[in-house]
1. Do we have any residue at all in the stretch 196-203 that's surrounded by fewer than 20 Cβ atoms within 10 Å (Cβ to Cβ) and free of Cβ contacts under 8 Å to residues at least 12 places away in the same chain?
2. When you scan the stretch 267-274, do you find a residue that is polar (S, T, N, Q), more than 25 Å from Phe96 (Cβ to Cβ), at pLDDT 95 or above and crowded, with 22+ Cβ neighbours inside 10 Å, even just one?
3. Any idea which of Tyr225, Tyr130 is under 15 Å from the mean Cα position of the chain (by Cα) and closer than 27 Å to Phe38 by Cβ?
4. Working only within the stretch 166-214, note down all residues that are over 20 Å from Ser99 (Cβ atoms) and among the aliphatic types (A, V, I, L, M).
5. Could you please find all residues in the stretch 121-161 being modelled with pLDDT of 95 or more, among the hydrophobic types (A, V, I, L, M, F, W, C) and crowded, with 17+ Cβ neighbours inside 10 Å?
6. Suppose we keep only residues that are in contact (Cβ under 8 Å) with a residue 12 or more places away in the chain, of a type in the set (D, E, K, R) and not in a strand (DSSP E or B) within the stretch 25-52. Which one would you say is farthest from Val173 (Cα to Cα)?
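The values are calculated or read from the model by the stated rules, or taken from the named source; none is laboratory data. What you are looking at is a predicted structure, and each value in this text was computed from that prediction instead of being measured. So basically every Cβ, Gly included, is an ideal-geometry build from the backbone, and we count neighbours across all protein chains shown.
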Amino acid sequence: MHKLKIIECPRDAMQGLHDFIPTDVKVDYINSILDCGFDTVDFGSFVSPKAIPQMRDTAEVLELLNPSDSKLLSIVVNERGANLAVQFERIDYLGFPFSVSEQFQQRNTNSSIEHAFTRVEAIQNLAKKYNKEVVLYLSMGFGNPYGDEWHPDIVTGWAEKLYEKLDIKIQAVSDTIGCGNPESVNSLIKTLIPSLPNVEFGAHLHTIPQNAKALVEAAYNAGCYRFDGAIKGFGGCPMAKDDLTGNMPTELALEWFNEQNIATGVDQAKFDATMNKALNVFP
């Protein structure tokens, strides 16, 4: 039986907010998350402060985080960011947003898909050198609003290429704009897992709260055991279209797993306290 991994993403929740969250407030909130028992916490990003001003204090935040059994993940979008991230022993994972949509890749990381592939190669080389692992997000995994061609085979093709050429073993299929439905989520994950049995596939879903549990169920029943979420569904990608659907609300995912008697590893009382804390962090 596979172990369920829940990844809490305060970075995704915070990054698009206009008003800067003070460093000490971030630290207090993320430390509370680190105490809950999540497998991994996506806590920050080493990206241009011009592009994402909210994340300009990631290095300072990291230095003030409490010891925890949860692993730490930081987003990077190029070699420069990866070079900064690998210097920190606490960081376990480098997350890279790799879009199967040409337009979205351009908007999100200012590069073409082919150029992004070479960036992933450079980041993977650094990760291996410093004993880190790359978590690759297959953005636009369930559809494309930009008019680029989209088909499940395109997603599968990139997933295969990233594993076979670059040895990327953790890939999270990402619904960046909330266009996935239970059928498409189930179908794509059911296709990916048998085609690449050595890859750990995750689901990074953006949704409206009413659809959250159905999407978790669809992904889990397809064989996915890795789920990203953000408390209260806060946040989303600042580079996507303006009326963005929020992140998968972690509390609804946990609720569904608890209803099925599936162990999450998350301490519910500590999580509830953290959820209350979130109300003071987010406007």
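1. Step one: of the stretch 196-203, the residues surrounded by fewer than 20 Cβ atoms within 10 Å (Cβ to Cβ) are 196-200.
From the residues that got through so far, the ones that are free of Cβ contacts under 8 Å to residues at least 12 places away in the same chain too are 197.
Yes.
2. Among the residues of the stretch 267-274, at least one is polar (S, T, N, Q), more than 25 Å from Phe96 (Cβ to Cβ), at pLDDT 95 or above and crowded, with 22+ Cβ neighbours inside 10 Å, which makes the answer yes.
3. Tyr225
4. Ile193, Ile208, Ala212, Ala214
5. Result: Ile123, Leu126, Ala127, Val134, Val135, Leu136, Ala159.
6. Per the criteria, the residue is Asp28.
Yes or no, residue by residue, for (1) modelled with pLDDT under 95; (2) among the charged types (D, E, K, R); (3) within 30 Å of Gly223 (Cα to Cα):
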position	(1), (2), (3)
His2	yes, no, yes
Pro22	no, no, no
Met55	no, no, no
Thr58	no, no, no
Val61	no, no, no
Asn66	no, no, no
Leu84	no, no, no
Tyr93	no, no, yes
Val100	yes, no, yes
